[in-house]
Amino acid sequence: MEPLVGAQLMEKTWRAVGAMSDAEIRQRQGLCGKEQQELTGFVLAYTSELPPEALGLALYAHFVIIEAFRRTGARFRKLKPTTIENTWKNNFGFVNDLKAAGYSRAPFQLKSELASEPAVMQYVIDALTEENEDDPVALTDDDFWRILQVLKTVADCMHFARRTDDNAA
C-alpha cells in the first residue's frame, strides 16, 4: 500500500500546527482521543515515564502525525489494542536495525523503503534531532529510541487502518 502522507503534506501540516492557537490545538487533541482512543492511550502509556520536555515533544509530534493523516481525507478504522501492541513489538526490529546500521540521535535521512510512511518518519527523525536554540529539548539516547518506536507504531497503525473498499466493514 502506497504511503498516505507525502513530504509536502507533512511539511504543510507541521507548519499549520505550529501556527495554531492553544485553544485550537486542545480542541484537535481531543479529536485524537475520540477518533483513535486506543492509539492515543498507547502513546500516553508508553511515553508517560519520559522527562517532561521529552514527553511534550513526543505528544506534540504525535498530534502533528495524526493531523497529517486527518488531512489526507482518508477514513480510518478504529484500532484495536492487539493491533497496536503487535505493531509496537514489530518495531523493535526497526529500531534495532537502525542501531545496528550505526544510526544515532544525530540527524539522518531514513531510506523510504524502511517505513510504511517515509515522510511521517522523516518528520519524526527531524523533530527528535533538531537543534533548537530557543526551546532546546535534551533527549537521552534511550528517550530518542523510545519516542521513535512509539511514533513509528503510530504511523504504521494509521497507515494500515485506512479504510478501502475491501476493508471498510
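The values are calculated or read from the model by the stated rules, or taken from the named source; none is laboratory data. Bear in mind the structure is a predicted one, so any value in this text is a computation, not a measurement. All Cβ positions, glycine included, derive from the backbone under ideal geometry; neighbour counts span all protein chains shown.
Within the range 58-82, restricting attention to residues that are over 16 Å from the mean Cα position of the chain (by Cα) and part of a helix (DSSP H, G or I), the residue that is surrounded by the most Cβ atoms within 10 Å (Cβ to Cβ) is P81. Candidates in the range 93-110 are the residues that are in a helix (DSSP H, G or I) and out of contact with any helix residue (DSSP H, G or I) (no Cβ under 7 Å at 6 or more places or on another chain); of these, the one that is farthest from R146 (Cα to Cα) is A100. Before we move on, is T13 assigned to a helix (DSSP H, G or I) and under 16 Å from T153 (Cα atoms)? Considered against the rule, which asks whether it is assigned to a helix (DSSP H, G or I) and under 16 Å from T153 (Cα atoms), T13 comes out as no. Within the range 43-56, is even one residue under 26 Å from E11 (Cβ atoms), acidic (D, E) and more than 12 Å from the chain's Cα centre (by Cα)? Yes; the residues of the range 43-56 include at least one that is under 26 Å from E11 (Cβ atoms), acidic (D, E) and more than 12 Å from the chain's Cα centre (by Cα).
Please find, within the range 91-104, the residue that is modelled with the lowest pLDDT out of those that are out of contact with any Ser or Thr (no Cβ under 6 Å at 6 or more places or on another chain) and surrounded by 13 or more Cβ atoms within 10 Å (Cβ to Cβ). Out of the qualifying residues, it is Y103.
Restricting the first member to the range 86-98 and to residues that are within 15 Å of A155 (Cβ to Cβ), and the second to residues that are at pLDDT 95 or above and among the basic types (K, R), the beta-carbon pairs closer than 8 Å and six or more apart or on different chains are N91/K152; F94/K152; V95/K152. Against the criterion of being in a helix (DSSP H, G or I) and over 22 Å from L139 (Cβ atoms), G41 qualifies. Pairing residues of the range 20-32 that are surrounded by fewer than 10 Cβ atoms within 10 Å (Cβ to Cβ) with residues that are part of a helix (DSSP H, G or I) and of a type in the set (A, V, I, L, M, F, W, C), at Cβ distances under 9 Å and at least 6 apart in sequence or on separate chains, gives no pairs at all.
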